[in-house]
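Working notes, beginning with the structure itself.
The values are calculated or read from the model by the stated rules, or taken from the named source; none is laboratory data. These numbers were taken from a predicted model, which means no experiment stands behind them. Neighbour counts run over all protein chains shown; Cβ positions are idealised from the backbone, glycine included.
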Amino acid sequence: MTTENTTAQPRSARLRALSQSLHDSLEHAVAAYAPFDSRESYGHFLQMQYLFQSQLKALYQDPALVAIFPDLPGRCRADAALADLADLGVPVPAELAGAPSNLSQAQALTWIRVSEGSKLGAAILIKRANALGLDKDFGARHLAEPEGGRMPAWKAFNQVFDALPFTAAEEAEADQAVIDAFSRLQVLLRHTYAGQPETV
C-alpha cells in the first residue's frame, strides 16, 4: 500500500454504493425466511451468522490487521454466535466450502467492513430477538451493541479504513471483495435454510 487514495469519494462511500443492491437483496432474502417468527427459524439465521463470523475470525486476529485496528480482536462476533448456538441447543453447522482464503490486506479489510456494517442493522434485529425471549446475555449475544455504541464504532472503523493508502489495484480488490462478501452471505443463507419454505 504505497500510493494515496485519490478516488473522488471516500472508499467506504464507494463500496456502499457498489454493494447497495446486493445489500438490499440480502435483506429481502433474509426477510423471506422470517427468522424472527420463531426460535426454530431464528436458529437457521443464527447458523448463517455463525458460519460467516467464524470464517472471518482469523482475519480479526491477524497481527498485520490488528496493527492497523488495535481493537479488531474485540470486534469479532464468532465466539458470541457460537455461544448463542449453545444457548438455544442449535447444532454448530459444518464448514461450507468456499470460505474466503488467501486474501490480500485490502480484501481482508473489506470483508471485515461488511461484517462491521451489519452491526448497525443488528440494532433492529436484537429488538426482534427480544420478542423471542432472547437478549445480549442469551441467544442474541452476537447482535448486542458494541461497547461505546454502534455508530461510534462504525465511524471509527471507516475513518481508519478510508485513510489507508491503497494502490489502484488494491481499490479494485476492495471493490470485488465487497461483492464477494455479500454473495457469500447469500450462499450461507440458502445453505442454512435449505429445505425451509420462504414465507413471502
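Data overview
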read-out: Failed condition for LEU109, given (1) of a type in the set (A, V, I, L, M); (2) at pLDDT 95 or above; (3) under 25 Å from ARG190 (Cβ atoms); value: (3)
read-out: Positions within the range 78-98 being free of Cβ contacts under 8 Å to residues at least 60 places away in the same chain, hydrophobic (A, V, I, L, M, F, W, C) and closer than 13 Å to SER54 by Cβ, in sequence order; value: ALA78, LEU82, ALA83, LEU85, VAL92, ALA94
read-out: Residue list for the range 128-151, filter: outside any loop (DSSP other than H, G, I, E, B) and among the basic types (Lys, Arg); value: ARG128, ARG141, ARG150
read-out: Pairs, first within 13 Å of ARG16 (Cα to Cα) in the range 165-178, second aromatic (Phe, Trp, Tyr), C-beta under 7 Å, six or more apart; value: ALA174/PHE166; ALA177/TRP111
read-out: Residue pairs meeting the criteria (Cβ under 6 Å; at least 6 apart or on separate chains; first of a type in the set (Asp, Glu), in the range 101-123; second assigned to a helix (DSSP H, G or I) and modelled with pLDDT of 95 or more); value: GLU116/PHE157
read-out: Residue within the range 138-152 that is modelled with pLDDT of 95 or more, surrounded by 15 or more Cβ atoms within 10 Å (Cβ to Cβ), in contact with a Lys or Arg (Cβ under 6 Å, 6 or more places away or on another chain) and farther than 14 Å from GLN49 by Cα present; value: yes
